[in-house]
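In what follows, a structure is listed as structure tokens, so that the remarks can point back to it.
The values are calculated or read from the model by the stated rules, or taken from the named source; none is laboratory data. Computed from a predicted structure; not experimentally measured. Please note: Cβ atoms are built from the backbone with ideal geometry, for glycine as well, and neighbour counts cover all protein chains shown.
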Amino acid sequence: MEITIQKATRQDREALCEIHVSSIRELGKSHYSEDDVDAWSTVRTTARYEEHISERHVIVAQNRSMPVGFGTLDITTGEIFQLYVRPEYARKRIGTLILDELLRVARAAGLHEVHCKSSLNARDFYVAAGFQPGQKCKHQFRNGGEVDCVPMKVLLERNNAVLEDALDEHSAGAS
């Protein structure tokens with residue numbers, strides 16, 4: 001397996017929609033009812049992904065040239081809106097690669113915190129990555145459906161090399 005991560009383009013929108021729906025349908029059923037999965041997966045359209053690609057930072061993970069996962073970060077708010085992997089690629093560290101890249105982008109943008117609403121089945125993934133869970137709540141969809149979710153947040157570490165350079169400059173000025 002040869003995974004690369006790149007910024008998503010308009011041409012990726014159909015693949016992102018398919019990944020999202022298949023992930024919800026296959027992986028979501030471990031923690032959600034069939035009605036919940038239906039409400040969650042039927043609101044997905046390719047137009048919505050085109051919107052995300054133009055308004056947010058969306059990355060896609062590819063195995064060779066096939067999209068196998070993606071993540072969406074709103075750089076202005078620090079919210080991860082989506083992080084999904086094709087079911088057959090789940091638990092192969094692709095989600096971790098995507099999350100690491102989203103957190104790298106957040107740090108580069110100067111964010112100090114990143115948050116998301118995790119599905120129940122992804123809660124442990126985020127906890128393992130250092131996110132702190134909040135109290136279970138409801139996430140409402142545009143179609144009026146809703147599912148349980150867990151608000152998550154992580155404080156981003158400062159770049160130690162930048163901090164050390166700043167301390168060195170301060171010490172040099174004090175001499």
Lone qualifier among Ser118, Ser22 - being closer than 24 Å to Val154 by Cβ, in contact (Cβ under 8 Å) with a residue 24 or more places away in the chain, buried (at least 16 other Cβ atoms within 10 Å of the Cβ) and of a type in the set (Ser, Thr, Tyr): Ser118
Filtered residue count, segment 81-115, keeping only those that are part of a loop (DSSP other than H, G, I, E, B) and either surrounded by fewer than 18 Cβ atoms within 10 Å (Cβ to Cβ) or not basic (Lys, Arg) (or both): 8
Hits in segment 43-67 (condition: modelled with pLDDT of 95 or more and under 25 Å from Val154 (Cα atoms)): His57, Val58, Ile59, Val60, Ala61
Residue within segment 134-157 that is part of a helix (DSSP H, G or I), surrounded by 11 or more Cβ atoms within 10 Å (Cβ to Cβ) and modelled with pLDDT of 95 or more present: no
Filter result (of a type in the set (A, V, I, L, M) and either under 15 Å from Asp100 (Cα atoms) or touching a strand residue (DSSP E or B) at 6+ places or on another chain (Cβ under 6 Å) (or both)) within segment 66-86: Val68, Leu73, Ile75, Ile80, Leu83, Val85
For Trp40: the one exception among (1) crowded, with 21+ Cβ neighbours inside 10 Å; (2) at pLDDT 95 or above: (2)
Residues (part of a loop (DSSP other than H, G, I, E, B), free of Cβ contacts under 8 Å to residues at least 60 places away in the same chain and surrounded by fewer than 17 Cβ atoms within 10 Å (Cβ to Cβ)) located in segment 55-80: Ser65, Ile75, Thr76, Thr77
